[in-house]
Each structure stands twice: as structure tokens, then as C-alpha cells.
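The values are calculated or read from the model by the stated rules, or taken from the named source; none is laboratory data. What you see is a predicted model; the values in this text were computed from it and never measured. Using ideal geometry, Cβ is built from the backbone for each residue, glycine included, and neighbour counts are taken over all protein chains shown. Accessible surface areas use protein heavy atoms only, side chains included; no ligands, DNA or RNA. Shrake-Rupley method; radii C 1.70, N 1.55, O 1.52, S 1.80 Å.
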Amino acid sequence: MNNLFKATLAACLLTFSAVNIQAADLPIKITKKYLNFPISQSQKRAVMQFTVGGKKERTFNIRLANGEPEYWVFYDVSSFKGKTVTISYQGDNAGLLKIYQDDKIAGQDSMYNEKNRPQYHFTTRRGWINDPNGLIFFEGEYHMFYQHNPFEKEWENMSWGHAASKDMIHWQELAVALDPDDSGTMFSGSAVIDYDNTAGFNKGKTPAMVVTYTVDGHGKQVQSMAYSVDKGRTFTKYSGNPLIDSKEKWNSQDTRDPRVFWYAPGKHWVLVLNERDGHSIYNSSNLKDWKYQSHTTGFWSAPTCLSYQLTATKPKPNG
């Protein structure tokens, strides 16, 4: 009888494991800060999706390892704490069972001591990084956003990574500021502080940090914005996005990298945008409604790269 019980239990466990390996969904109640993911460059990319309470929250491509991982990446899920995140994966689901949550990043104890890790220039904890975006100074902190793939060491899943510093030497890496969504992936852009509440996003006396960025998806590039009222720790994407959709006007997908700044003499915002064969100028009084002004040909660099300033782009009132 005892041997029969053992055999039955073993069969049940094998069946349970097989079901989980082949399962398309993995529900995890979030009690820790991070989800850690095993990665293998030999695996093909496949779509992974986070769903919370029936609502799709995150979608990205990932090379989930089904055997021994080559390295680990992580994602900050503290905003979902106490909720159940259902992970769906369209690739080989064997790797789902290796995903685990923790308050530490896999390999955290040796982080920044790895061979060939730069010690002076900023490097992200995990993943791929490129163009800096939205460099700005606000209330004692320098903010650096940047193009980022949190899930791999190559270009993909363009997001806005985020780090903050008080001295521009020591940086604290924060949670991803802008994730890809149904409209596309998050390309370069810029940031401003809306001291006069022209967009209406301010919270009491707290001015909004407003970022304007390009979304790449569905065969075109459009301009959108998001705002934060907690010093850039979390961002809300504007419900009226996109702000500018110029594919029809220019018959070109190259409409990207908006640089926004305040023009004091005219008392309005200016947006410089790379469009097709040059740069276009748009004006706005509220950061939402942009009116085309002019176009100059012969420029090929992103406007966001031409005039990065680690300063607030609009002075404080009476300051």
C-alpha cells in the first residue's frame, strides 16, 4: 500500500510538472520587488505579457532560457505588490518555471564588480542602453532617462530607463519610466518642468515633470507625452496621445525625437522634431495641442541630441 501511494504521488507530480511546463500562463502573486528571468541568447525571441486583473499591463519580447541560463535579467514589479500577475509566454514555456521573485536581483551581490564593468561611466544594472533622453534637473536631482532594453543585451523592447543623481557622478537606477504599449515602443524624447501648469497636470503646488517622446509602431512614428508628479518615480501616459501624427503629411516614418523647450519672449512651448529630410518647428501653449510652424531641410541628427541641458527648461516663477 505504501509503495502504491508513492507511485501514485510520483505520477501526480510528473503530471503536474508537465502541465506547468506546457502551460501558456503562469500566475504569480507579487510579494517581492523584482521578478528574475533566465535568458539564453540561443533561444529565439518570443512575446511575453503581464496581465493584472484581466488588464494587459506589459508586453515585450524575451529570450527565455529553457535550459541553463547564460545570464539573468529582472523587472521591478513593486507597483503590482499584493496583486496577481499572470505571465503569458508564446515561446518554449519550460523557462517559465525558472522565473522567481525576490527583493534582490539575481547576481546582485557581485553587481558592479563584474569583469569589464565600467566604473566611471554610467551603466545599467542589466540590459542594453543607448541614447540619453530627457536630461533635466529638478529639486536637487539630475534625471537621466535613456533608451533601454531591460530584458536582453541587444536592441529590442525600446523603453525609457531612468536614473537620478545629486552630483552627476553617483547615480541611483530607478524603475523603467516608460514601457512599450499597444501603440508601439518608446523612442527618444525630452523633458520639461511645467511650473505654470500649462498642461493642467500639476498636483497642488507640485509641478509636473512632462516628457515628450516618439512612439514607434504600426508602420509609423508619432509623438506622445507622459507626466509625473512624484519627481519622476512614476509616469502617467496622456490619454489624448498621440500629440502629433505626421505620417500622412510627410509620407515618411522618420518623424521622431521631439525636443521641447519654453520660449519666454513668445510665452509658449516650442517642439523641434526630426521629420523626413530635416527639422520641423511646432508651437503650443499647453504641451498638448501643437501647431506646425515651419520646416528646415538638411538636418539629420535627432533634435534631442543637439541641445541636451541638465537644467530645468523653464525657470521657476520669480526665480
Do any residues in region 57-81 that are closer than 15 Å to Arg45 by Cβ and of a type in the set (S, T, N, Q) have Cβ atoms under 7 Å from those of residues that are open to solvent by 30 Å² or more (accessible area, probe 1.4 Å) and assigned to a loop (DSSP other than H, G, I, E, B), where the two are at least six apart or on different chains, and which pairs are they? Asn61/Arg45; Asn61/Glu156; Asn66/Gln43; Asn66/Asp92
Residues in region 265-276 that are on the phi < 0 side of the Ramachandran plot and without any contact (Cβ under 8 Å) to a residue 24 or more places away in the chain: how many? 4
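Would you mind finding the one in Phe201, Phe151 that is out of contact with any His (no Cβ under 9 Å at 6 or more places or on another chain), among the aromatic types (Phe, Trp, Tyr), farther than 16 Å from Tyr227 by Cβ and in contact (Cβ under 8 Å) with a residue 24 or more places away in the chain?
Sole residue among the options that is out of contact with any His (no Cβ under 9 Å at 6 or more places or on another chain), among the aromatic types (Phe, Trp, Tyr), farther than 16 Å from Tyr227 by Cβ and in contact (Cβ under 8 Å) with a residue 24 or more places away in the chain: Phe151.
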Among the residues of region 188-195, is any in contact with a strand residue (DSSP E or B) (Cβ under 6 Å, 6 or more places away or on another chain) and without any contact (Cβ under 8 Å) to a residue 60 or more places away in the chain? no
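Residues that are more than 16 Å from the chain's Cα centre (by Cα), part of a strand (DSSP E or B) and within 16 Å of Lys288 (Cβ to Cβ): does region 234-253 have at least one?
Within region 234-253 (the criterion being more than 16 Å from the chain's Cα centre (by Cα), part of a strand (DSSP E or B) and within 16 Å of Lys288 (Cβ to Cβ)), the answer is yes, since at least one residue qualifies.
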Might you check whether a residue that is within 21 Å of Lys32 (Cα to Cα) and either open to solvent by less than 10 Å² (accessible area, probe 1.4 Å) or assigned to a loop (DSSP other than H, G, I, E, B) (or both) occurs anywhere in region 127-147? yes
Yes/no for Thr124 being part of a loop (DSSP other than H, G, I, E, B), among the hydroxyl-bearing types (Ser, Thr, Tyr) and more than 15 Å from Ser228 (Cβ to Cβ): yes
